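Single-structure report; data block below.
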Amino acid sequence: MCFKNLPIEFDEQGNARLREGVVDPYAVQVAELHPLAGPGADEERLQELLARNGHIRRADFDPVTRVAGALAFHTVVDLESRQVLETASMATLFRGYEVILKGRDPRDAIFISSRACGVCGGVHSTTSALALEMAFGIVPPPLGIVIRNLLLSLEYLYDHPLHLFLLAGPDYSEPAVRETNPELWERAQRATAPGKAIHGYGTIAELMTDMTPLTGKLYGEALHMTRVAREAYVLIGGKYPHPQTVVPGGVSATVDISDMNEMHLRIVKFFDYGRKVVAIWNDLVEFFYEANPQYRDVGRRPKNLIEPGQWDDPFAYDATYDNADAWGNARWAPPAVIRDGELVTTSMQALNIGVEEFVEHSFYEDWTGNGDGAGNGGVRFATDPAGNPLSPYHPWNKETIPKPTGTSWKERYSWSTAPRWDRTAMETGPYSRMWANALARDYSHLRFIEPTGHSLKLNMPKAGLPEAVIEWQIPERWGAFERNRARAHAILYTALIAYENLLVGLDLMRKGETKLAVGHTVPKDFRIGAGFWGAGRGYLTHHLVMDEGVIENYQILTPSTWMASPKDPWGNPGPYEEAVAATPLLENYEKPEDFKGIDVLRTIRSFDPCMPCTTHIFTGKRVISRDVVTCACGLDEEHEH
């Protein structure tokens, strides 16, 4: 069964339908929350706990910045048992792009939606173009699709080093480890690095030192590699992070052999660099596991992942919803839903109809009573274009209605909605697309990547290093350290897909198929569309409703919305909340006031919330403020206020 919680079943032809006899198939029962501390909490209950155990503390991290907005995180911790007792993830910024886009020419969405993120805006442009192509009924020429695939790959090749060495990496650097776990630093100085032949470092301590923000060689090298990827990107994107050449029906750039050669020179640089990064993170992860096996539980959560698929096959993509399952599974990375580590579907339509967004604990009005009133209980779309049932909480039915109120951990506390698939909290990331490939039943058409059912074999061509097969294994236990290890392998995975698309593009040029876009007119009748794509951090979709040539409704669902989500109506936590709650507190502190929260920060940052620049940590009656460039620990001075 694809669905366990929603009453959706499939007939003999594979068509989805609601199970007979269910009176209210999308009913929601709202559970009452009982926070321990903070706004909306039962302070008497907290005081009782404190009287029994003086080691219980409220520790709030504010802000821990995410994609296109700020992230604050609330915890209650027991510093004696080294457990996290309570979590709440709070998106502190209202973006409002869905409101801005209403009433506009649909083509504006490509350029406006890219401003949703200053790190990975290009993916929004392409996702918007995909939604418009579905609504307009147009299909880009093969070379236009290949160029978009190259843009996506180059954006990822910029994003992965950024995460591994500028955003998450500093939490594993010498200053961070020396301050929070001095015993680990001493061990690192004695520990030899098994990957020395690839990365050149003799000890783990040497690795950690060169991961130091601003001064570390690995930090500087990663910054340089982000430039290499962006140099290739702007050749065809015009500029970055907000490209000017993505249009409905392809790309508006002029691309010749010299552009392809320039991209080739830069893409192949990631072959050797990616192998170096994999060796570094393999050594770091195994060092921590050997020092203390409990590090496997930092950031632990169930293997529940969602992936819409990406990198379209230039000869299969036709932009129609009816054929979405076919062209979706022809992508280099297929759509997939993985529950408890098992692949439950690769159907794009099944993935789409299982998505719902809830706002019981968000600063929004429930929109389900604001539909067209046409006998659908306020639901505008009871089915998708293929006749599959849709929830009132589906993005095509959603309306963005801001409702700012005071923050309460019991009521509303976030500007993020709570997306769920089959009413289950899902994680997404570069590893979700790799996982989807690894479990795919038939992906023999990949040229350099071999799925095995439990791993991905990456067949690396010769560059500076000789040919080699690098294998990413699906981990037995899923947590923060494995997210970062998978992200390192994603550099190689992405570089190989980029290289293969480059070869396809060169072959098309050789055959004279150089057309990059098709013409279009904006339809004046009623249309809907959806773009299914991805960002560096995972799942990205845009759902569009238009009529009379303008946008009626536009919904953007980002990876950070999935992972930073607050609790759903049933009180189930979002992925950040769930992962932090399962995290053991392994840092070394003698007194409660010495607590830095490094394990909590490693957990949150393993999901890649974007650009952490300042973190304020509230503990008890004080706020510890650390102004930093890329990490929130490792600095000596504290300022109480």
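The values are calculated or read from the model by the stated rules, or taken from the named source; none is laboratory data. No experiment lies behind these values; they were computed from the predicted model shown. No Cβ is skipped: glycine too gets one built from the backbone with ideal geometry, and neighbour counts run over all protein chains shown. Surface accessibility is based on the protein's heavy atoms, side chains included, excluding ligands, DNA and RNA. Shrake-Rupley method; radii C 1.70, N 1.55, O 1.52, S 1.80 Å.
Key figures
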| quantity | calculated |
| --- | --- |
| Approximate spin-label separation Val518-Asn5, in nm, with each point projected 7 Å along Cα-to-Cβ | 3.9 nm |
| Pair Glu590, Val469: separation of 7 Å Cα→Cβ label points (nm) | 5.3 nm |
| Å² of accessible area per residue within segment 108-197, as computed with a 1.4 Å probe and no ligands counted | 23 Å² |
| Estimated 222 nm signal from helices in the chain, with DSSP H stretches of n ≥ 4 weighted -39500 (n - 2.57), rounded to 500 | -10000 deg cm²/dmol |
| Equivalent-ellipsoid semi-axes of segment 150-206, from the Cα gyration tensor, Å, largest first | 28, 16, 5 |
| Rg to Rh quotient for segment 405-564, alpha carbon positions, Kirkwood Rh | 1.06 |
| Segment 143-283: proportion of alpha-carbon pairs further apart than 19 angstrom, % | 56 percent |
| Within the accessible area of the chain (1.4 Å probe), percent carbon and sulfur | 48 percent |
| Relative contact order %, segment 476-618, counting alpha carbon pairs below 8 Å whose residues are six or more apart | 17 percent |
| Sequence-separation-based contact order of segment 51-207, relative, with Cα cut under 8 Å and 6+ spacing, percent | 10 percent |
| Ranking by accessible area, most exposed first, for Trp533, Trp570, Trp415 with a 1.4 Å probe | Trp570, Trp415, Trp533 |
| Descending semi-axes in Å of the chain, equivalent ellipsoid built from Cα gyration tensor | 37, 33, 21 |
| Formal net charge of residues neighbouring Pro569 (Cβ-Cβ distance under 13 Å; K, R +1; D, E -1) | -3 |
| Per residue solvent-accessible surface (Å²) - segment 450-593, probe of 1.4 Å | 33 Å² |
| Most to least packed among 169-175, 536-542 [average Cβ atoms within 10 Å] | 536-542, 169-175 |
| Lys511-Glu43 pseudo-label distance in nm [points 7 Å out on the Cα-to-Cβ vector] | 7.2 nm |
